[in-house]
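> If you scroll down you'll find the structure; I have some questions about it.
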Amino acid sequence: MYHIPDVNDMNKDTFSLCEKIVSPSYIRQGCQARRGHEQLIRQFLEQRKCPEDGWEESTIELFLSELAMMDSNNFLGNCGVGEREGRVTSSLVARRHYRFIHGIGRSGDIAAVQPKAAGSSLLNKLTNSLVLDVIKISGARSVASCFVVPMATGMSLTLCFLTLRLLRPNARYIIWPRIDQKSCFKAMITAGFEPVVVENVLVGDELRTDLDEVEKKILILGPQNILCVHSTTSCFAPRTPDRIEELAELCAKYDLPHIVNNAYGLQSSKCMHLIQHGHQVGRVDAFVQSLDKNFLVPVGGAIIAGFDESFIQRISEMYPGRASASPSLDVLITLLTLGASGYKKLMAERKEMYSVLFDELKILASAHGERLLHTPHNPISLAMSLESLHEGCNSAVGELGSMLFTRQVSGARAVPLGKKQTINGHTFHGFMSHYDSYPCPYLNAASAMGISRQDVTLFIKRLDKCLKILKKRVEMDGNTSQPSVPSQDEEAAQGM
(Lines give C-alpha, C1' and ligand atoms only; values in the text may rest on other atoms or scores of the structure.)
Protein backbone atom coordinates (compact mmCIF):
# COMPACT_ATOMS: atom_id res chain seq x y z
CA MET A 1 0.00 0.00 0.00
CA TYR A 2 1.26 3.47 -0.88
CA HIS A 3 2.31 5.44 2.20
CA ILE A 4 1.62 9.19 2.32
CA PRO A 5 4.62 10.70 4.13
CA ASP A 6 3.89 12.60 7.32
CA VAL A 7 4.79 16.30 7.27
CA ASN A 8 6.80 15.90 10.46
CA ASP A 9 8.73 13.03 8.85
CA MET A 10 9.62 15.31 5.95
CA ASN A 11 10.64 18.09 8.34
CA LYS A 12 12.77 15.57 10.25
CA ASP A 13 14.57 14.54 7.07
CA THR A 14 15.10 18.16 6.10
CA PHE A 15 16.53 19.06 9.51
CA SER A 16 18.81 16.00 9.40
CA LEU A 17 20.26 17.23 6.14
CA CYS A 18 20.70 20.70 7.62
CA GLU A 19 22.71 19.20 10.49
CA LYS A 20 25.33 18.18 7.92
CA ILE A 21 25.81 21.80 6.98
CA VAL A 22 25.44 23.73 10.29
CA SER A 23 26.11 22.64 13.86
CA PRO A 24 23.45 20.09 14.93
CA SER A 25 22.82 21.95 18.21
CA TYR A 26 21.85 25.07 16.30
CA ILE A 27 19.62 23.13 13.92
CA ARG A 28 17.88 21.36 16.83
CA GLN A 29 17.17 24.75 18.39
CA GLY A 30 15.62 25.95 15.13
CA CYS A 31 13.63 22.71 14.88
CA GLN A 32 12.19 23.24 18.36
CA ALA A 33 11.23 26.81 17.47
CA ARG A 34 9.32 25.61 14.40
CA ARG A 35 7.57 22.93 16.43
CA GLY A 36 6.31 25.67 18.73
CA HIS A 37 4.53 27.27 15.76
CA GLU A 38 3.26 23.90 14.57
CA GLN A 39 1.88 23.04 17.99
CA LEU A 40 -0.29 26.19 17.99
CA ILE A 41 -1.56 25.36 14.50
CA ARG A 42 -2.27 21.75 15.48
CA GLN A 43 -4.27 22.83 18.54
CA PHE A 44 -6.31 25.23 16.42
CA LEU A 45 -7.09 22.55 13.84
CA GLU A 46 -8.14 20.14 16.60
CA GLN A 47 -10.31 22.56 18.58
CA ARG A 48 -11.48 24.91 15.78
CA LYS A 49 -12.05 27.65 18.34
CA CYS A 50 -10.52 31.07 18.84
CA PRO A 51 -7.20 30.54 20.67
CA GLU A 52 -7.20 32.14 24.10
CA ASP A 53 -4.02 34.10 23.36
CA GLY A 54 -3.27 35.73 20.04
CA TRP A 55 -0.60 34.40 17.71
CA GLU A 56 2.55 36.12 16.51
CA GLU A 57 2.51 37.25 12.89
CA SER A 58 5.17 34.67 12.03
CA THR A 59 2.86 31.83 13.15
CA ILE A 60 -0.07 33.25 11.17
CA GLU A 61 2.04 33.67 8.03
CA LEU A 62 3.39 30.12 8.35
CA PHE A 63 -0.16 28.81 8.71
CA LEU A 64 -1.46 30.77 5.72
CA SER A 65 1.51 29.73 3.59
CA GLU A 66 0.87 26.05 4.39
CA LEU A 67 -2.82 26.43 3.48
CA ALA A 68 -2.12 28.32 0.27
CA MET A 69 0.23 25.60 -0.98
CA MET A 70 -2.78 23.23 -1.00
CA ASP A 71 -4.45 25.28 -3.77
CA SER A 72 -3.82 24.14 -7.35
CA ASN A 73 -2.59 27.54 -8.55
CA ASN A 74 0.38 27.10 -6.18
CA PHE A 75 1.24 23.51 -7.17
CA LEU A 76 4.73 23.12 -8.64
CA GLY A 77 4.32 22.09 -12.27
CA ASN A 78 0.56 22.71 -12.32
CA CYS A 79 -0.93 22.64 -15.82
CA GLY A 80 -4.23 24.52 -16.01
CA VAL A 81 -6.37 24.37 -19.14
CA GLY A 82 -9.68 25.62 -17.74
CA GLU A 83 -11.24 29.07 -17.79
CA ARG A 84 -10.58 29.69 -14.08
CA GLU A 85 -7.16 28.52 -12.99
CA GLY A 86 -6.19 31.07 -10.35
CA ARG A 87 -3.90 32.98 -12.67
CA VAL A 88 -2.80 36.41 -11.38
CA THR A 89 -0.60 38.79 -13.36
CA SER A 90 0.52 41.04 -10.52
CA SER A 91 2.74 39.55 -7.83
CA LEU A 92 1.62 42.41 -5.60
CA VAL A 93 -2.00 41.23 -5.89
CA ALA A 94 -0.92 37.64 -5.22
CA ARG A 95 0.96 38.66 -2.05
CA ARG A 96 -1.95 40.85 -0.91
CA HIS A 97 -4.17 37.75 -0.92
CA TYR A 98 -1.48 35.40 0.44
CA ARG A 99 -1.86 33.55 -2.90
CA PHE A 100 -5.42 32.44 -2.11
CA ILE A 101 -6.80 33.11 -5.59
CA HIS A 102 -9.64 30.60 -6.09
CA GLY A 103 -12.05 32.18 -3.60
CA ILE A 104 -14.53 30.11 -1.59
CA GLY A 105 -17.43 27.85 -2.47
CA ARG A 106 -18.54 26.42 -5.80
CA SER A 107 -21.05 27.58 -8.38
CA GLY A 108 -24.00 26.15 -6.46
CA ASP A 109 -23.01 26.63 -2.82
CA ILE A 110 -20.79 29.17 -1.06
CA ALA A 111 -20.01 26.61 1.67
CA ALA A 112 -19.00 23.78 -0.68
CA VAL A 113 -15.43 22.45 -0.87
CA GLN A 114 -13.46 23.25 -4.03
CA PRO A 115 -11.46 20.36 -5.54
CA LYS A 116 -8.91 22.83 -6.90
CA ALA A 117 -8.56 24.69 -3.61
CA ALA A 118 -8.25 22.53 -0.51
CA GLY A 119 -6.42 25.34 1.28
CA SER A 120 -9.04 27.98 0.51
CA SER A 121 -11.79 25.55 1.52
CA LEU A 122 -10.04 24.91 4.83
CA LEU A 123 -9.64 28.66 5.33
CA ASN A 124 -13.37 29.17 4.79
CA LYS A 125 -14.49 26.41 7.16
CA LEU A 126 -11.99 27.37 9.86
CA THR A 127 -13.03 31.03 9.68
CA ASN A 128 -16.69 30.10 10.10
CA SER A 129 -15.81 27.93 13.11
CA LEU A 130 -13.73 30.74 14.60
CA VAL A 131 -16.50 33.31 14.14
CA LEU A 132 -19.09 30.92 15.61
CA ASP A 133 -16.95 30.66 18.74
CA VAL A 134 -16.69 34.46 19.02
CA ILE A 135 -20.47 34.85 18.65
CA LYS A 136 -20.89 32.48 21.60
CA ILE A 137 -18.28 34.41 23.58
CA SER A 138 -20.19 37.62 22.85
CA GLY A 139 -23.40 36.31 24.41
CA ALA A 140 -25.42 34.20 21.93
CA ARG A 141 -24.33 30.90 23.44
CA SER A 142 -27.02 28.79 21.74
CA VAL A 143 -26.07 29.82 18.19
CA ALA A 144 -25.87 26.69 16.03
CA SER A 145 -24.32 27.87 12.77
CA CYS A 146 -22.93 30.87 10.90
CA PHE A 147 -21.02 31.71 7.77
CA VAL A 148 -19.04 34.67 6.47
CA VAL A 149 -20.53 36.15 3.32
CA PRO A 150 -18.58 38.59 1.09
CA MET A 151 -21.32 41.22 1.10
CA ALA A 152 -22.07 44.02 3.56
CA THR A 153 -25.07 43.91 5.91
CA GLY A 154 -27.74 45.20 3.50
CA MET A 155 -27.17 42.61 0.78
CA SER A 156 -26.76 39.89 3.40
CA LEU A 157 -30.22 40.75 4.74
CA THR A 158 -31.53 40.55 1.16
CA LEU A 159 -30.09 37.03 0.91
CA CYS A 160 -32.01 36.05 4.06
CA PHE A 161 -35.26 37.44 2.67
CA LEU A 162 -34.78 35.66 -0.67
CA THR A 163 -34.27 32.37 1.18
CA LEU A 164 -37.49 32.90 3.13
CA ARG A 165 -39.30 33.47 -0.18
CA LEU A 166 -38.79 29.77 -0.96
CA LEU A 167 -40.46 28.83 2.33
CA ARG A 168 -43.27 31.41 2.12
CA PRO A 169 -43.94 31.88 -1.63
CA ASN A 170 -47.23 33.75 -1.11
CA ALA A 171 -45.83 36.31 1.33
CA ARG A 172 -45.66 39.92 0.18
CA TYR A 173 -44.93 42.07 3.25
CA ILE A 174 -42.11 42.53 5.75
CA ILE A 175 -42.99 44.17 9.07
CA TRP A 176 -40.25 46.60 10.00
CA PRO A 177 -40.04 48.79 13.13
CA ARG A 178 -38.69 52.03 11.71
CA ILE A 179 -34.99 52.82 11.77
CA ASP A 180 -33.68 55.63 9.56
CA GLN A 181 -30.93 53.76 7.78
CA LYS A 182 -31.21 53.36 4.03
CA SER A 183 -29.52 50.01 3.40
CA CYS A 184 -31.77 47.90 5.63
CA PHE A 185 -34.87 49.48 4.03
CA LYS A 186 -33.50 48.95 0.51
CA ALA A 187 -32.60 45.34 1.40
CA MET A 188 -36.33 44.55 1.62
CA ILE A 189 -37.13 46.41 -1.61
CA THR A 190 -34.30 44.69 -3.48
CA ALA A 191 -35.61 41.30 -2.39
CA GLY A 192 -38.97 42.21 -3.93
CA PHE A 193 -41.03 42.77 -0.78
CA GLU A 194 -43.13 45.63 0.52
CA PRO A 195 -41.88 47.05 3.83
CA VAL A 196 -44.63 47.76 6.34
CA VAL A 197 -43.16 50.56 8.45
CA VAL A 198 -44.13 50.54 12.12
CA GLU A 199 -43.46 53.90 13.75
CA ASN A 200 -41.68 53.94 17.10
CA VAL A 201 -43.22 55.21 20.34
CA LEU A 202 -41.64 57.99 22.41
CA VAL A 203 -41.01 56.92 26.01
CA GLY A 204 -39.28 59.77 27.82
CA ASP A 205 -36.37 60.60 25.51
CA GLU A 206 -36.21 57.08 24.05
CA LEU A 207 -37.77 55.73 20.88
CA ARG A 208 -38.99 52.18 21.52
CA THR A 209 -40.74 49.43 19.55
CA ASP A 210 -44.51 49.80 19.28
CA LEU A 211 -45.43 46.17 20.02
CA ASP A 212 -49.17 46.80 19.87
CA GLU A 213 -48.86 48.26 16.38
CA VAL A 214 -46.70 45.33 15.23
CA GLU A 215 -49.34 42.84 16.35
CA LYS A 216 -52.08 44.98 14.80
CA LYS A 217 -50.27 44.91 11.43
CA ILE A 218 -49.92 41.12 11.65
CA LEU A 219 -53.66 40.71 12.20
CA ILE A 220 -54.66 43.19 9.48
CA LEU A 221 -52.34 41.78 6.81
CA GLY A 222 -52.69 38.14 7.83
CA PRO A 223 -49.69 36.06 8.96
CA GLN A 224 -49.76 34.03 5.74
CA ASN A 225 -49.08 37.19 3.72
CA ILE A 226 -46.11 38.29 5.82
CA LEU A 227 -42.58 37.10 5.01
CA CYS A 228 -41.10 38.00 8.39
CA VAL A 229 -40.55 40.59 11.07
CA HIS A 230 -37.33 42.53 10.44
CA SER A 231 -36.01 43.98 13.70
CA THR A 232 -32.87 45.93 14.67
CA THR A 233 -30.51 45.86 17.66
CA SER A 234 -27.72 48.37 16.96
CA CYS A 235 -28.97 51.89 16.24
CA PHE A 236 -28.39 55.59 16.84
CA ALA A 237 -29.77 57.08 20.04
CA PRO A 238 -32.39 58.16 20.98
CA ARG A 239 -33.71 55.09 19.18
CA THR A 240 -33.04 51.97 21.23
CA PRO A 241 -32.63 48.33 20.22
CA ASP A 242 -35.96 46.78 19.30
CA ARG A 243 -37.76 44.77 21.94
CA ILE A 244 -36.30 41.56 20.54
CA GLU A 245 -37.73 39.22 23.18
CA GLU A 246 -41.30 40.48 22.79
CA LEU A 247 -41.04 40.49 18.98
CA ALA A 248 -39.70 36.92 19.13
CA GLU A 249 -42.72 35.91 21.22
CA LEU A 250 -45.08 37.50 18.67
CA CYS A 251 -43.29 35.68 15.84
CA ALA A 252 -43.67 32.36 17.66
CA LYS A 253 -47.33 33.11 18.40
CA TYR A 254 -48.18 33.78 14.74
CA ASP A 255 -45.62 31.36 13.23
CA LEU A 256 -43.66 34.16 11.55
CA PRO A 257 -39.93 34.15 10.72
CA HIS A 258 -37.83 36.76 12.53
CA ILE A 259 -34.70 38.31 10.96
CA VAL A 260 -32.55 40.60 13.13
CA ASN A 261 -30.33 43.35 11.75
CA ASN A 262 -27.47 43.17 14.27
CA ALA A 263 -25.12 45.32 12.18
CA TYR A 264 -22.75 46.41 14.97
CA GLY A 265 -24.40 44.57 17.86
CA LEU A 266 -21.88 41.74 18.09
CA GLN A 267 -19.54 44.02 20.05
CA SER A 268 -22.24 44.62 22.67
CA SER A 269 -23.02 41.86 25.17
CA LYS A 270 -26.36 43.57 25.82
CA CYS A 271 -27.42 43.30 22.16
CA MET A 272 -26.25 39.69 22.01
CA HIS A 273 -28.19 38.78 25.17
CA LEU A 274 -31.32 40.27 23.59
CA ILE A 275 -30.90 37.92 20.64
CA GLN A 276 -30.08 34.93 22.85
CA HIS A 277 -33.08 35.54 25.10
CA GLY A 278 -35.31 36.15 22.05
CA HIS A 279 -34.40 32.67 20.84
CA GLN A 280 -35.15 31.18 24.24
CA VAL A 281 -38.60 32.74 24.65
CA GLY A 282 -39.76 32.90 21.03
CA ARG A 283 -38.37 32.89 17.51
CA VAL A 284 -35.20 34.31 15.98
CA ASP A 285 -34.42 32.71 12.61
CA ALA A 286 -31.27 34.59 11.64
CA PHE A 287 -29.23 37.61 12.70
CA VAL A 288 -26.81 39.51 10.49
CA GLN A 289 -23.76 41.50 11.56
CA SER A 290 -21.09 43.51 9.76
CA LEU A 291 -17.47 42.36 9.69
CA ASP A 292 -15.87 45.79 9.57
CA LYS A 293 -17.79 47.22 12.54
CA ASN A 294 -17.34 44.21 14.81
CA PHE A 295 -13.91 42.89 13.80
CA LEU A 296 -12.09 46.03 12.64
CA VAL A 297 -11.44 44.77 9.09
CA PRO A 298 -12.10 46.45 5.70
CA VAL A 299 -15.70 46.92 4.57
CA GLY A 300 -17.16 44.19 2.39
CA GLY A 301 -18.29 41.28 4.51
CA ALA A 302 -20.92 40.15 7.00
CA ILE A 303 -21.84 37.16 9.15
CA ILE A 304 -25.19 35.42 8.86
CA ALA A 305 -25.89 33.36 11.98
CA GLY A 306 -28.78 31.52 13.55
CA PHE A 307 -30.00 28.88 15.98
CA ASP A 308 -31.21 26.40 13.33
CA GLU A 309 -28.30 24.93 11.41
CA SER A 310 -30.45 23.71 8.52
CA PHE A 311 -31.92 27.18 7.89
CA ILE A 312 -28.51 28.86 7.90
CA GLN A 313 -27.32 26.21 5.44
CA ARG A 314 -30.27 27.03 3.16
CA ILE A 315 -29.24 30.69 3.18
CA SER A 316 -25.66 29.78 2.24
CA GLU A 317 -26.95 27.60 -0.61
CA MET A 318 -28.96 30.57 -1.90
CA TYR A 319 -25.76 32.54 -2.67
CA PRO A 320 -25.14 32.19 -6.45
CA GLY A 321 -21.66 31.23 -7.58
CA ARG A 322 -18.28 31.35 -5.91
CA ALA A 323 -17.25 34.20 -3.64
CA SER A 324 -14.23 36.25 -2.65
CA ALA A 325 -12.14 34.78 0.16
CA SER A 326 -10.85 38.22 1.21
CA PRO A 327 -13.39 38.87 4.02
CA SER A 328 -12.81 35.38 5.47
CA LEU A 329 -9.04 35.83 5.25
CA ASP A 330 -9.20 39.24 6.97
CA VAL A 331 -11.30 37.91 9.84
CA LEU A 332 -9.16 34.79 10.28
CA ILE A 333 -5.96 36.84 10.49
CA THR A 334 -7.56 39.37 12.88
CA LEU A 335 -8.99 36.80 15.29
CA LEU A 336 -5.81 34.71 15.34
CA THR A 337 -3.90 37.93 16.11
CA LEU A 338 -6.27 38.96 18.91
CA GLY A 339 -7.17 35.60 20.39
CA ALA A 340 -10.26 35.25 22.56
CA SER A 341 -8.63 37.30 25.32
CA GLY A 342 -7.82 40.12 22.91
CA TYR A 343 -11.35 40.25 21.55
CA LYS A 344 -12.82 40.27 25.06
CA LYS A 345 -10.43 43.10 25.92
CA LEU A 346 -11.67 45.16 22.96
CA MET A 347 -15.26 44.59 24.08
CA ALA A 348 -14.41 45.64 27.64
CA GLU A 349 -12.56 48.76 26.44
CA ARG A 350 -15.52 49.74 24.26
CA LYS A 351 -17.85 49.45 27.23
CA GLU A 352 -15.48 51.47 29.41
CA MET A 353 -15.24 54.21 26.76
CA TYR A 354 -19.03 54.35 26.63
CA SER A 355 -18.99 55.41 30.30
CA VAL A 356 -16.24 57.96 29.63
CA LEU A 357 -18.10 59.40 26.63
CA PHE A 358 -21.33 59.49 28.67
CA ASP A 359 -19.69 61.48 31.48
CA GLU A 360 -17.80 63.89 29.21
CA LEU A 361 -20.74 64.57 26.92
CA LYS A 362 -23.04 65.15 29.89
CA ILE A 363 -20.66 67.75 31.34
CA LEU A 364 -20.25 69.48 27.98
CA ALA A 365 -24.00 69.54 27.35
CA SER A 366 -24.64 71.16 30.71
CA ALA A 367 -21.97 73.79 30.05
CA HIS A 368 -23.79 74.83 26.86
CA GLY A 369 -27.28 74.80 28.36
CA GLU A 370 -28.12 71.47 26.74
CA ARG A 371 -28.65 68.00 28.15
CA LEU A 372 -27.59 64.46 27.47
CA LEU A 373 -30.73 62.62 26.38
CA HIS A 374 -31.75 59.81 28.73
CA THR A 375 -31.41 56.63 26.63
CA PRO A 376 -30.40 53.82 29.03
CA HIS A 377 -31.54 51.05 26.68
CA ASN A 378 -28.99 51.97 24.00
CA PRO A 379 -25.61 50.42 24.96
CA ILE A 380 -23.50 51.96 22.16
CA SER A 381 -24.87 55.34 21.04
CA LEU A 382 -25.54 58.60 22.93
CA ALA A 383 -27.35 61.80 21.99
CA MET A 384 -27.07 65.40 23.20
CA SER A 385 -29.81 68.00 22.64
CA LEU A 386 -29.15 71.03 20.40
CA GLU A 387 -32.15 73.18 21.36
CA SER A 388 -30.17 76.39 21.77
CA LEU A 389 -28.90 76.15 18.19
CA HIS A 390 -32.37 75.43 16.86
CA GLU A 391 -33.81 78.46 18.65
CA GLY A 392 -31.41 80.68 16.74
CA CYS A 393 -31.83 79.04 13.34
CA ASN A 394 -32.54 75.42 12.39
CA SER A 395 -29.75 75.41 9.77
CA ALA A 396 -27.23 75.86 12.59
CA VAL A 397 -27.78 72.21 13.53
CA GLY A 398 -26.70 71.01 10.08
CA GLU A 399 -23.87 73.53 10.16
CA LEU A 400 -22.52 71.87 13.32
CA GLY A 401 -22.24 68.51 11.53
CA SER A 402 -20.30 70.13 8.67
CA MET A 403 -17.97 71.95 11.04
CA LEU A 404 -17.16 68.77 12.94
CA PHE A 405 -16.47 66.86 9.73
CA THR A 406 -14.06 69.53 8.42
CA ARG A 407 -12.24 69.23 11.76
CA GLN A 408 -11.72 65.50 11.23
CA VAL A 409 -14.49 64.36 13.57
CA SER A 410 -16.11 61.45 11.74
CA GLY A 411 -19.19 59.49 12.76
CA ALA A 412 -20.96 62.22 14.75
CA ARG A 413 -24.41 63.05 13.33
CA ALA A 414 -26.18 66.37 13.84
CA VAL A 415 -29.91 65.66 13.42
CA PRO A 416 -32.16 68.68 12.64
CA LEU A 417 -35.94 68.79 12.92
CA GLY A 418 -38.31 68.33 9.99
CA LYS A 419 -36.05 66.63 7.45
CA LYS A 420 -37.86 64.58 4.79
CA GLN A 421 -36.41 61.71 2.78
CA THR A 422 -38.06 59.57 0.11
CA ILE A 423 -36.67 56.09 -0.47
CA ASN A 424 -38.20 53.90 -3.19
CA GLY A 425 -41.47 55.81 -3.01
CA HIS A 426 -41.79 55.86 0.78
CA THR A 427 -41.45 59.27 2.46
CA PHE A 428 -39.94 59.42 5.93
CA HIS A 429 -40.73 62.54 7.97
CA GLY A 430 -38.19 63.62 10.55
CA PHE A 431 -35.63 61.47 8.72
CA MET A 432 -32.50 60.51 10.69
CA SER A 433 -34.42 60.84 13.97
CA HIS A 434 -36.44 57.59 13.47
CA TYR A 435 -39.62 59.50 14.33
CA ASP A 436 -41.98 61.90 12.57
CA SER A 437 -41.66 64.71 15.10
CA TYR A 438 -38.94 64.20 17.69
CA PRO A 439 -39.13 67.02 20.32
CA CYS A 440 -35.64 68.45 19.75
CA PRO A 441 -32.66 68.38 17.40
CA TYR A 442 -29.64 66.52 18.70
CA LEU A 443 -26.10 65.30 18.09
CA ASN A 444 -25.16 61.59 18.04
CA ALA A 445 -21.90 60.00 19.08
CA ALA A 446 -21.15 56.31 19.51
CA SER A 447 -18.73 54.28 21.58
CA ALA A 448 -17.99 51.53 19.07
CA MET A 449 -15.34 48.84 18.85
CA GLY A 450 -11.83 50.31 18.68
CA ILE A 451 -12.65 53.74 20.12
CA SER A 452 -9.90 55.19 22.35
CA ARG A 453 -9.78 57.70 25.18
CA GLN A 454 -7.93 60.06 22.84
CA ASP A 455 -10.86 59.88 20.39
CA VAL A 456 -13.26 60.90 23.17
CA THR A 457 -11.00 63.71 24.42
CA LEU A 458 -10.48 65.22 20.94
CA PHE A 459 -14.18 64.91 20.09
CA ILE A 460 -15.27 66.75 23.24
CA LYS A 461 -12.66 69.47 22.71
CA ARG A 462 -13.59 70.07 19.07
CA LEU A 463 -17.32 69.90 19.73
CA ASP A 464 -16.96 72.49 22.49
CA LYS A 465 -15.13 74.89 20.17
CA CYS A 466 -17.59 74.43 17.31
CA LEU A 467 -20.55 75.08 19.62
CA LYS A 468 -18.94 78.30 20.85
CA ILE A 469 -18.38 79.55 17.31
CA LEU A 470 -21.91 78.71 16.20
CA LYS A 471 -23.54 80.26 19.24
CA LYS A 472 -21.57 83.43 18.69
CA ARG A 473 -22.83 83.60 15.09
CA VAL A 474 -26.42 82.95 16.11
CA GLU A 475 -26.25 85.68 18.75
CA MET A 476 -24.77 88.18 16.26
CA ASP A 477 -27.10 87.76 13.31
CA GLY A 478 -29.54 84.89 14.01
CA ASN A 479 -28.38 82.81 11.06
CA THR A 480 -25.52 80.73 9.76
CA SER A 481 -25.14 82.22 6.32
CA GLN A 482 -21.35 82.29 6.69
CA PRO A 483 -19.26 79.44 5.25
CA SER A 484 -19.06 76.26 7.32
CA VAL A 485 -15.33 76.78 7.81
CA PRO A 486 -14.75 79.69 10.23
CA SER A 487 -12.49 82.60 9.41
CA GLN A 488 -8.88 82.68 10.60
CA ASP A 489 -9.84 85.26 13.24
CA GLU A 490 -12.55 83.01 14.63
CA GLU A 491 -10.21 80.04 14.70
CA ALA A 492 -7.55 82.04 16.49
CA ALA A 493 -10.04 83.32 19.05
CA GLN A 494 -11.14 79.75 19.83
CA GLY A 495 -7.62 78.28 19.72
CA MET A 496 -8.47 75.86 16.90
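> In sequence order, what are the phi-derived ³J(HN,Hα) couplings for the stretch 436-446 according to the Karplus relation 6.51 cos²θ - 1.76 cosθ + 1.60 with θ = phi - 60°, rounded to whole Hz, with x for glycine and proline?
Along the stretch 436-446, the couplings run 4, 9, 5, x, 8, x, 7, 10, 9, 8, 10 Hz.
> Distance check, please: which entries in Lys12/Lys116; Lys125/Lys270; Lys217/Lys253; Lys351/Lys468; Lys182/Lys351; Lys345/Lys461 exceed 20 angstrom between their Cα atoms? Could the numbers behind the result be given before it?
On the way: Lys12/Lys116 29 Å; Lys125/Lys270 28 Å; Lys217/Lys253 14 Å; Lys351/Lys468 30 Å; Lys182/Lys351 27 Å; Lys345/Lys461 27 Å.
Violating the 20 Å Cα-Cα cut-off are Lys12/Lys116; Lys125/Lys270; Lys351/Lys468; Lys182/Lys351; Lys345/Lys461.
> Here's another thing I want to ask about it. Tell me which residues come under 5 Å, amide H to amide H, from Ala111 once H is placed; ignore anything under 5 positions away on its chain.
Residues meeting the amide H criterion: Arg106.
> Can I ask one more? Stokes-Einstein at 10 °C, 1.306 mPa s, Kirkwood radius from Cα pairs: D for the chain in µm² s⁻¹?
Numbers: Rh = 25.3 Å.
Once the numbers are plugged in, D ends up at 63 µm²/s.
> If you stretched the chain out fully between Ile21 and Val197, how much longer would it get, using 0.36 nm times the residue separation minus the C-alpha to C-alpha distance? Can you show the working numbers first?
Working: separation 176, 0.36 × 176 = 63.36 nm, distance 7.47 nm.
That pair, Ile21 and Val197, stretches by 55.9 nm at full extension.
> Mind ranking 284-297, 439-452 by how tightly packed they are, going by the mean number of other C-beta atoms within 10 angstrom, highest first?
Working: 284-297: 25.5, 439-452: 20.9.
Descending mean neighbour count gives 284-297, 439-452.
> May I ask you to derive the relative contact order of the stretch 407-446, considering only C-alpha pairs under 8 Å and at least 6 residues apart, and to give it as an integer percent?
Averaging sequence separation for qualifying contacts and normalising by length gives 46 percent for the stretch 407-446.
> Loop-only trypsin sites (Lys or Arg not before Pro) in the stretch 135-183, please: DSSP not H, G, I, E or B, and at most 12 other Cβ atoms within 10 Å.
Arg141
> Among DSSP bridges having both ends in the stretch 256-385, what percentage is antiparallel? Round to the nearest 5. Intermediate values should be presented prior to the final figure.
Numbers: 5 of 8 bridges.
Rounded to the nearest five, the antiparallel share is 60 percent.
> Counting only protein heavy atoms, what percent of the accessible surface of the stretch 261-419 is carbon or sulfur at a 1.4 Å probe?
53 percent
> Net charge near Gly154: determine it from the other residues with C-beta under 9 Å of the C-beta of Gly154, scoring Lys and Arg +1 and Asp and Glu -1.
Working: positive: Lys182, Lys186; negative: none.
Residues close to Gly154 contribute a combined charge of +2.
> Give me the net charge for the shell around Tyr319: Cβ to Cβ below 11 angstrom, other residues only, Lys and Arg +1, Asp and Glu -1.
That works out to +1.
> To continue, here is another question. Going by amide H atoms built from the backbone, whose H comes under 5 Å of the H on His434, apart from near neighbours?
Hits under the 5 Å cutoff: Asp180.
> Output the relative contact order of the chain, whole-number percent, from Cα pairs under 8 angstrom with separation of 6+ residues.
After rounding, I find 16 percent.
> Any idea what angle helix 244-253 forms with the longest principal axis of the chain, computed on alpha-carbon atoms, 0 to 90 degrees, nearest 10?
Helix 244-253 and the main axis of the chain meet at about 80 degrees.
> Measure off 7 Å from each Cα along the Cα-to-Cβ vector at Thr89 and Gln454, then give the distance between these two points in nanometres to one decimal.
Result for the modelled spin labels: 4.0 nm.
> Could you give the length gained by full extension between Ile363 and Leu219, i.e. 0.36 nm per residue of separation minus their alpha carbon distance, to one decimal place?
Fully extending the segment from Ile363 to Leu219 adds 47.2 nm.
> Once phi is turned into θ = phi - 60°, what whole-Hz ³J(HN,Hα) does the Karplus curve with 6.51, -1.76 and 1.60 give for every residue of the stretch 395-407, x standing for Gly and Pro?
With the stated coefficients, the stretch 395-407 comes to 5, 4, 5, x, 4, 4, x, 5, 5, 5, 5, 5, 9 Hz.
> Let me ask something else about it. In the neighborhood of Gln267, defined by Cβ-to-Cβ distances under 14 Å, what is the net charge if each Lys or Arg adds +1 and each Asp or Glu adds -1?
Summing Lys and Arg as +1 and Asp and Glu as -1 gives +3.
> Further question: Using a 1.4 angstrom probe, figure out how much accessible area the stretch 1-118 has per residue, in square angstrom, rounded to the nearest whole. Spell out each step's value before the answer.
Numbers: 8270 Å² over 118 residues.
For the stretch 1-118, the per-residue accessible area is 70 Å².
> For the stretch 408-421, take each phi angle, set θ = phi - 60°, evaluate the Karplus expression 6.51 cos²θ - 1.76 cosθ + 1.60, and give the result in whole Hz per residue in order, putting x for glycine and proline.
After applying 6.51 cos²θ - 1.76 cosθ + 1.60, I find 6, 9, 9, x, 6, 10, 8, 10, x, 8, x, 6, 10, 9 Hz.
> Whole angstrom only: what separates the Cα centroid of the stretch 346-425 from the Cα centroid of the stretch 81-144?
Cα centres, the stretch 346-425 to the stretch 81-144: 40 Å.
> Of Glu85, Glu246, Glu352, Glu194, which has the most accessible area and how do the rest follow, probe 1.4 Å?
Solvent-accessible surface, decreasing: Glu352, Glu194, Glu246, Glu85.
> Using a 1.4 angstrom probe, figure out how much accessible area the stretch 257-339 has per residue, in square angstrom, rounded to the nearest whole.
Numbers: 2550 Å² over 83 residues.
Per-residue value: 31 Å².
> Antiparallel as a % of all DSSP beta bridges within the stretch 218-315, to the nearest 5?
Approximately 35 percent, going by the DSSP bridge assignments.
> Is it possible to state the helix-based mean residue ellipticity at 222 nm for the chain, with each DSSP H run of 4+ residues giving -39500 (n - 2.57), the sum divided by total residues, to the nearest 500 deg cm²/dmol? What is it?
-15500 deg cm²/dmol
> Oh, and also: Once amide H atoms are placed 1.01 Å from N in the peptide plane, what residues at a sequence separation of 5 or more from Phe307, or on another chain, have their amide H within under 5 Å of its amide H?
Amide H to amide H, under 5 Å and 5 or more residues apart or across chains, Phe307 pairs with Ala144.
> Now for a different question. Where the only charges are on Cβ atoms (+1 Lys, Arg; -1 Asp, Glu), what is the dipole of the chain about its Cα centre, to the nearest 20 debye?
The dipole magnitude comes to about 620 debye.
> Suppose the chain between Lys125 and Ile189 were pulled fully straight at 0.36 nm per residue; how much longer would it get relative to their current alpha carbon spacing?
19.9 nm
> Heavy atoms only, probe 1.4 angstrom, no DNA, RNA or ligands counted: give me Asp242, Asp212, Asp205, Asp255 ranked by accessible area, highest first.
The residues order as Asp212, Asp255, Asp205, Asp242, largest area first.
> If R0 is 41 Å, what FRET efficiency do you get for Met69 and Gln421 from their C-beta distance, rounded to 0.05?
Once rounded, the FRET efficiency stands at 0.20.
> Under 20 °C and 1.002 mPa s, how fast does the stretch 272-320 diffuse according to Stokes-Einstein, given a Kirkwood radius computed over C-alpha pairs? Answer in µm²/s, whole number.
Taking Rh from Cα pairs, D becomes 177 µm²/s.
> Related question: Return the percentage of antiparallel bridges among DSSP beta bridges fully within the chain, rounded to the nearest 5 %.
65 percent
The values are calculated or read from the model by the stated rules, or taken from the named source; none is laboratory data. Keep in mind it's a predicted model, so treat the numbers as computed, not measured. So basically every Cβ, Gly included, is an ideal-geometry build from the backbone, and we count neighbours across all protein chains shown. Areas reflect the complete protein model, heavy atoms only, side chains present, ligands, DNA and RNA absent. Shrake-Rupley method; radii C 1.70, N 1.55, O 1.52, S 1.80 Å.
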